[in-house]
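First the structure, in the form of structure tokens, and then the observations on it.
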Amino acid sequence: MIPNYQQFMRPFLEVAQAANGNEVKLRNVINELADKFNLTEVDKTETLPSGKQSILDNRVGWARTYLTKAGLLEVTRRAHFVITERGTKALQDTNAVIDNKYLKKFDEFIAFKEQKNVSSESTASVDKDNADDVVTPDEALRAAYKAINDSLAQDILERTRKVTPAFFEDLLIELLVAMGYGGTGEGAAHALGKSGDNGIDGVIDQDPLGVDQIYIQAKRYAQGNNIGSGDIRDFFGALNLKKAQKGIFITTSDFTPSANQTAKDLGMRIVLINGTELAKLMLRYNIGSRDEQVLHLKKIDEDFFEI
């Protein structure tokens, strides 16, 4: 398991101290700490949800940031550091736990923390009083983002279950068009036929020219009224009659395990989209939701400051 960023603080200083006054490179420190904590290759390559940075790099990086802000490390050049006299003194106290609480002894760190107002009432699943003890600010922000989106997705799903059949049909048309199917809204509307069965059964062009088509079945069902294997076999039979190669089965409820297995056994010609996945797609393509505020997560452009 990857330690939290505070658990990296003392070991980071120890690596820097071992350099005997010479600067250390951040990448080398990360590698040494990975070895010190016996991290596996899986641990070392596990990434943040964005996929752009490893969790290990992120946590060691924040340990470095906090130690630097408290004056225990000093930046010498891009991604290179030396331990300061204050950092050396901190290590001399072998009983001291070097963490955020310890760093609050220094005015520079307190000033930094007061400026860095990253806490929010929307952090939901993160314990605000102990958040800094567990997660980096990046992770806290992403946890808050996920909590907000999960709550919004559930709300969207509940509202979708209550709309009329005609509204549900229009909603799915908008979603499919937003995803790149059907060419235009008008074309998609003509391609989708009405079933009159609290949902829609129809076909939509996969491309603007209608060269390839996808058959769709959708059921606007309440939670717990799940789709069974018989429904999947019926849809598969309908696809065969139409000589169709692809089908999408959408429901606002869920699929039973046997339904999922049946879809797999039929050669993956049928894609299953349950209520949770439908809500996520609606959020992703802004169907029934809109962007309230866009936050840009910035980082230093190291190349800009390269001498």
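Observations on the structure shown:
- Residue match in the stretch 168-176 (condition: modelled with pLDDT of 85 or more, assigned to a helix (DSSP H, G or I) and β-branched (Val, Ile, Thr)): no
- Residue in the stretch 65-85 that is hydroxyl-bearing (Ser, Thr, Tyr), in contact (Cβ under 8 Å) with a residue 40 or more places away in the chain and closer than 23 Å to Tyr145 by Cβ present: yes
- Extreme residue, farthest from the chain's Cα centre (by Cα), among residues of the stretch 237-296 that are of a type in the set (Val, Ile, Thr) and part of a helix (DSSP H, G or I): Thr262
- Lys105 falls short on exactly one of the conditions (1) in a helix (DSSP H, G or I); (2) modelled with pLDDT of 70 or more, and that condition is (1).
- Among residues of the stretch 280-300 that are more than 19 Å from Ala144 (Cβ to Cβ), those with a Cβ under 8 angstrom from a residue that is in a loop (DSSP other than H, G, I, E, B), sequence gap 6+ or separate chain, pair up as Leu281/Met179; Leu281/Ile287; Met282/Gly288; Met282/Ser289; Tyr285/Met179.
- Whether a residue is surrounded by fewer than 16 Cβ atoms within 10 Å (Cβ to Cβ), without any contact (Cβ under 8 Å) to a residue 40 or more places away in the chain and at positive phi was assessed, and Asn95 does not pass this test.
- Criterion: assigned to a strand (DSSP E or B), surrounded by fewer than 19 Cβ atoms within 10 Å (Cβ to Cβ) and modelled with pLDDT under 90 - qualifying residue of Val211, Val203: Val203
- In the stretch 215-225, the residue that is surrounded by the most Cβ atoms within 10 Å (Cβ to Cβ) out of those that are in contact with a strand residue (DSSP E or B) (Cβ under 6 Å, 6 or more places away or on another chain) and in a loop (DSSP other than H, G, I, E, B) is Arg220.
- Filter result (assigned to a loop (DSSP other than H, G, I, E, B) and within 25 Å of Ile300 (Cβ to Cβ)) within the stretch 67-95: Ala70, Gly71, Leu72, Arg78, Ala79, Thr84
- Within the stretch 65-74, considering residues that are out of contact with any strand residue (DSSP E or B) (no Cβ under 6 Å at 6 or more places or on another chain) and either at pLDDT 95 or above or not polar (S, T, N, Q) (or both), the one surrounded by the most Cβ atoms within 10 Å (Cβ to Cβ): Leu72
The values are calculated or read from the model by the stated rules, or taken from the named source; none is laboratory data. Small disclaimer: the values here were computed from a predicted structure and weren't measured. Using ideal geometry, Cβ is built from the backbone for each residue, glycine included, and neighbour counts are taken over all protein chains shown.
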